[in-house]
Amino acid sequence: MKNRDSSKPTLMPIDNALSEMLQQCDALLERESISVLDALNRITAEAIFAKLQVPPKNNSAMDGFAFHVNQELPADTKLIIQGQALAGNPFNEEVKAGHCVRITTGAILPPGTNTVMMQENVQINENNIVLNQASKAGNSVRLAGEDIQLGQQVIASGEKLTPAHMALLASIGEPTVWVIRRPKVAIVVTGDELVPPGKELENGQIYESNRFALQGLLQQLNVEIRHYGIVEDDPDKIADVLLDASENADLILSCGGVSVGDADYVKQVLAKIGQINFWKVAIKPGKPFAFGTINNASFCGLPGNPVSSYVTFQKLVTPLLHKLMGRTPLAVHTINATCAEPIYKRAGRADFQRGIAYQDEHGEYWVKPNGSQGSGIMSSIANANCYILLEKEQTNLPKGAKTKIELF
């Protein structure tokens, strides 16, 4: 695809922009086998099927006594204690009629038994017990395979592994799991006015903060992060850094330099050394967002304003990384809410206003904007708990109007 004329670009609807990004990006094919202990937040490279059933055999759900019941044993039934079954040390003899075996939680049911009565519900004598209540067949027994059947698919391909998945894999005896390799993401920040935290600010300088937000957002996705620091507003230096990043990353994220200012060189450098697929998206905040490629690396040019950078990462870059990782697409979970105060919006761009949502005594959600919605006010996100989702052609909403929100 040739570079588009970006001198006077039209605003691309966010859904179109995301669709084009995903079409231009291929999922990573490289995979690796890793320990299940290291698998948190990794993406499965294949479906996983159980090679055994869980539990492997019928076992006790309680500490108590195991015996056989045809249908029901009445209270005051007396049973002779024949032996003891412990977890990891089963009782292998056939349990006779009118007999029972002391059993601990997790122990395999002895041959000839099908029921367990918890020890609190029996009277224990020297060599026998008396039931304090009636017992039905199957009480307090975990049946073999009731959790997982032999051959059952337990985890799908493209699944993000959670702590519960890790336990599930261990329960079917899997010490390792095949996962997609982690995408390599390069972060490049441009701007002569930027200095890292910890240095003394000179006149006209500000502390660079976008890298820190991107670091946290990328860590949540469990990718391999490569920092290229703060690059001067110099086209040659920007080109050198971007070319180096393209040789060492699957995705390059730049912050700043994609707008129309005199020192916004990133877009023109991208047009020279790579390819611009589109520039400017109908999203607020975040309009000056650029997407393209440099060599074999995808490129996302995020706006320099911190809120714009944050929002465009979540709404455009995150789905792209999910595609790279082979992850199953995630649907955005929205909730209906009532405006607790007026919400102001112009038609023309999808707006992700930062809001405070709460529930009333009836469980209904209400929402209000979290103060000023300027693209440089990071506290609007840090102190919010949701996005107020306003469609492209939506205009002002009065108090009491209905809208949709996305909880953080």
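The values are calculated or read from the model by the stated rules, or taken from the named source; none is laboratory data. The structure presented is a predicted model; accordingly, all values stated were derived computationally and were not measured. A quick note on method: Cβ atoms are made from the backbone with ideal geometry, for glycine too, and the neighbour counts reach across all protein chains shown. Just the protein is used for accessible areas: all its heavy atoms, side chains included, with ligands, DNA and RNA removed. Shrake-Rupley method; radii C 1.70, N 1.55, O 1.52, S 1.80 Å.
Odds and ends about this structure:
- Shape index of the stretch 13-79: Rg/Rh, with Rg the Cα radius of gyration and Rh the Kirkwood radius from the inverse mean 1/r over Cα pairs, equals 1.38.
- The radius of gyration of the Cα set in the stretch 230-311, together with its Dmax, comes out at 11.6, 32 angstrom.
- Each of ILE124 and GLU232 was given a label point 7 Å from its Cα along the Cα-to-Cβ line. The distance between the two points is 8.2 nm.
- Point-charge dipole on Cβ atoms (K/R +1, D/E -1) for the chain, about Cα centre, debye to 20: 880 debye
- The H on the amide N of CYS386, modeled in the peptide plane, is under 5 Å from the matching H of GLY355, ALA357, PHE408, each at least 5 residues off or on a different chain.
- Note that the stretch 110-198 carries a Kirkwood radius of 19.7 Å, evaluated over its alpha carbons pair by pair.
- The separation of the stretch 10-65 from the stretch 221-259, counted between C-alpha centres, amounts to 30 Å.
- Long-range HN-HN contacts of VAL154 with modeled amide H, under 5 Å: ILE48, PHE49, ALA50
- Here the extension length gained between GLU20 and GLN71 equals 12.0 nm, from 0.36 nm per residue of separation less the Cα-Cα distance.
- Equivalent-ellipsoid semi-axes for the stretch 319-398 (Cα gyration tensor, √(5λ), whole Å, largest first): 24, 17, 14.
- Highest average first, the peptides 10-20, 233-243 ordered by how many other beta carbon atoms sit within 10 Å of their residues are 233-243, 10-20.
- For LYS272 and ALA167, the FRET efficiency from 1/(1 + (r/R0)^6), where r spans their Cβ atoms and R0 equals 41 Å, is about 0.20.
- Set against the 2.2 N^0.38 Å expectation for a compact globular protein, the chain has a Cα radius of gyration ratio of 1.41.
- For the stretch 1-142, the solvent-accessible area works out to 58 Å² per residue, with a probe of 1.4 Å and every protein chain left in place.
- Helix-only [θ]222 nm of the chain, DSSP H runs n ≥ 4, -39500 (n - 2.57) each, per residue, nearest 500: -5000 deg cm²/dmol
- Calculated P(r) tail over 24 Å for the stretch 32-142, as whole % of Cα pairs: 34 percent
- Candidate membrane-span-like segments in the chain, meaning DSSP H helices with Cα atoms spread over at least 18 Å of their own axis and a Kyte-Doolittle mean of -0.5 or above, are 235-248, with no membrane implied.
- Using a probe of 1.4 angstrom and keeping all protein chains present, the accessible surface of the stretch 230-294 works out to 35 square angstrom per residue.
- Each label was represented as a point 7 Å from its Cα along the Cα-to-Cβ direction; for LYS402 and ASN383 these points are 3.1 nm apart.
- Ordering of 196-203, 271-278 by burial proxy (mean other Cβ atoms within 10 Å per residue, highest first): 271-278, 196-203
- For the pair the stretch 356-408 and the stretch 116-181, the centres of their Cα atoms are 44 angstrom apart.
- Packing-based order for 293-302, 125-134, using average beta carbon neighbours within 10 Å, highest first: 293-302, 125-134
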